[in-house]
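The structure under discussion is supplied below as structure tokens; questions concerning it will follow.
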Amino acid sequence: VMRSIRSIENSDVCILMIDATRGIESQDMNIFQLIQKNNKSLVVVVNKWDLVEDKSQKAIDTFKAAIYNRMAPFNDFPIIFASALTKQRIFKVLETAKQVYLNRNTHVGTAKLNEVMLPIIEATPPQSIKGKYIKIKYCTQLPNTQIPSFVFYANLPQYVKENYRRFLENKIRENWSMHGCPINVFIRQK
């Protein structure tokens, strides 16, 4: 466990291996929570896929849904079904980890970010609190950060709720490839 913790702290991308014959166990969830707490990028590998009898697309979709359900609300990470014994998709695991690392270093220009995000914010603004309307005027990505971090400047940042932050994060994920890596969204006083 101590070696796992040290490895997670020293890495950029973590590969979480789940046993296909057992499913997600409590130890897997503990490791996932450590990965999340340390803001690391994630690739989930379902190992021993050769031992599973039903390899249909429906079984794959069910397994993926169960993984995403247990690891909610962060569910934007790749899942690969592999077998170390038969060497099935082991190179795909490394290619995916490399792609997730590149996604982690993605930088979005301020002009492009505002061009895409401000119309979305205008169409679905944060809910007003105590009769005060929250207006987000400007957004930018912070340079030289470990994980992609975005700042949205608002007139009343203290009233923006967590669910609206998550909404902004999801819209960023929809428009730019941040698959597998965590995102920080900050609301600041303009």
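The values are calculated or read from the model by the stated rules, or taken from the named source; none is laboratory data. Nothing here was measured: the structure is a model prediction, and the numbers come from that model. Methodologically, a virtual Cβ is constructed for each residue, glycine included, from the backbone with ideal geometry; neighbour enumeration extends over all protein chains shown. The accessibility values were calculated without ligands, DNA or RNA, using every heavy atom of the protein model including side chains. Shrake-Rupley method; radii C 1.70, N 1.55, O 1.52, S 1.80 Å.
What's the total number of residues in region 1-41 that are without any contact (Cβ under 8 Å) to a residue 40 or more places away in the chain, open to solvent by 50 Å² or more (accessible area, probe 1.4 Å), of a type in the set (A, V, I, L, M) and closer than 20 Å to ALA66 by Cα?
1
What number of residues in region 1-31 are out of contact with any helix residue (DSSP H, G or I) (no Cβ under 8 Å at 6 or more places or on another chain) and within 17 Å of ILE147 (Cα to Cα)?
Residues flagged as out of contact with any helix residue (DSSP H, G or I) (no Cβ under 8 Å at 6 or more places or on another chain) and within 17 Å of ILE147 (Cα to Cα) within region 1-31 amount to 3.
Take the conditions surrounded by fewer than 16 Cβ atoms within 10 Å (Cβ to Cβ), among the aromatic types (Phe, Trp, Tyr), free of Cβ contacts under 8 Å to residues at least 60 places away in the same chain and not in a helix (DSSP H, G or I) and apply them to TYR153. Does it pass?
No: the conditions fail for TYR153.
Looking at region 76-88, is at least one residue more than 26 Å from ILE172 (Cβ to Cβ) and open to solvent by 90 Å² or more (accessible area, probe 1.4 Å)?
Looking for residues that are more than 26 Å from ILE172 (Cβ to Cβ) and open to solvent by 90 Å² or more (accessible area, probe 1.4 Å), one finds at least one in region 76-88, hence yes.
Hey, does region 53-65 have a residue that's within 13 Å of the chain's Cα centre (by Cα), open to solvent by less than 60 Å² (accessible area, probe 1.4 Å) and of a type outside the set (D, E, K, R)?
no
Look through region 42-52, keep the residues that are aliphatic (A, V, I, L, M) and without any contact (Cβ under 8 Å) to a residue 40 or more places away in the chain, and return whichever of them is most open to solvent (accessible area, probe 1.4 Å).
LEU51
Please go through region 38-74 and give me each residue that is polar (S, T, N, Q) and over 16 Å from ILE90 (Cα atoms), ordered by number.
ASN38, ASN39, SER41, SER56, GLN57, THR62, ASN69
Is there a residue being open to solvent by less than 90 Å² (accessible area, probe 1.4 Å), in a strand (DSSP E or B) and under 28 Å from LYS40 (Cα atoms) anywhere in region 116-139?
Yes, region 116-139 contains at least one residue that is open to solvent by less than 90 Å² (accessible area, probe 1.4 Å), in a strand (DSSP E or B) and under 28 Å from LYS40 (Cα atoms).
Among residues belonging to region 170-185 that are of a type in the set (A, V, I, L, M) and part of a loop (DSSP other than H, G, I, E, B), point out the one that is modelled with the highest pLDDT.
ILE183
Hey, another quick one. Looking only at region 79-103, which residues are part of a loop (DSSP other than H, G, I, E, B), touching a strand residue (DSSP E or B) at 6+ places or on another chain (Cβ under 8 Å) and among the aliphatic types (A, V, I, L, M)?
Of everything in region 79-103, those that are part of a loop (DSSP other than H, G, I, E, B), touching a strand residue (DSSP E or B) at 6+ places or on another chain (Cβ under 8 Å) and among the aliphatic types (A, V, I, L, M) turn out to be ALA82, ALA84.
Here are some residues: THR110, THR96. Which one is surrounded by fewer than 19 Cβ atoms within 10 Å (Cβ to Cβ) and among the β-branched types (Val, Ile, Thr)?
THR110
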